[in-house]
Amino acid sequence: MPDIQIERQHNLGMARAREVARQWVSQAERDYGLSCTYEESAEAGACDRVHFSGAGASGTVEVTPERFGMNVQLGFLLGSFSDMIEEKVSRNLDELLGALPPCPVLHPMPRLRPAARWRA
C-alpha cells in the first residue's frame, strides 16, 4: 500500500493547533466522507491524534504545539493517484495553517539606456 507522509512546522501553540485540526476533521468528513476520531491529550507537551478512515484510505494526524504530522495509507485503487492526493492534502493543510507557498524572488529589470542614434 502506498503511503503519504506530510509534516508541517508551525508556531500556533496547542490551542490554535487544535482549532486547525478540528477544521481539518470537519472538512475531511464533509468533503471526503472520512470517519474521524479526535483524541485530545491531557498531558502537557503530548500530541493529540486524529484517526481517520474511509473508502480506500486511512491514517493518522499528529498535532503538537509546533508540528502537524500526517500519515496516510492508500488502498490499491487510490494508490495510483497518490501524487495527486498528496498534493491536494498538502495544499489543504497549508491553507488551514495560513501558509503561503514561497513566491519566486523577483529581481528588478535593469534599466536600459536608449540606443545611440546611428549617424552617417
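Values in this text are rule-based calculations from the coordinates and carry no lab data. Because the structure is a prediction, the values reported are computed rather than measured. Note that we place each Cβ from the backbone using ideal geometry, even for glycine, and neighbour counts take in every protein chain shown.
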| Qualifying residue in the range 14-36 (condition: buried (at least 16 other Cβ atoms within 10 Å of the Cβ), more than 16 Å from the chain's Cα centre (by Cα) and hydroxyl-bearing (Ser, Thr, Tyr)) | no
| message | So in the range 1-13, with the set limited to residues that are exposed (fewer than 14 other Cβ atoms within 10 Å of the Cβ) and under 16 Å from the mean Cα position of the chain (by Cα), which one is farthest from GLY98 (Cα to Cα)? | response | ASP3
| message | When you check ARG30 against the structure, is it closer than 21 Å to ILE85 by Cα, in a helix (DSSP H, G or I) and not hydroxyl-bearing (Ser, Thr, Tyr), yes or no? | response | yes
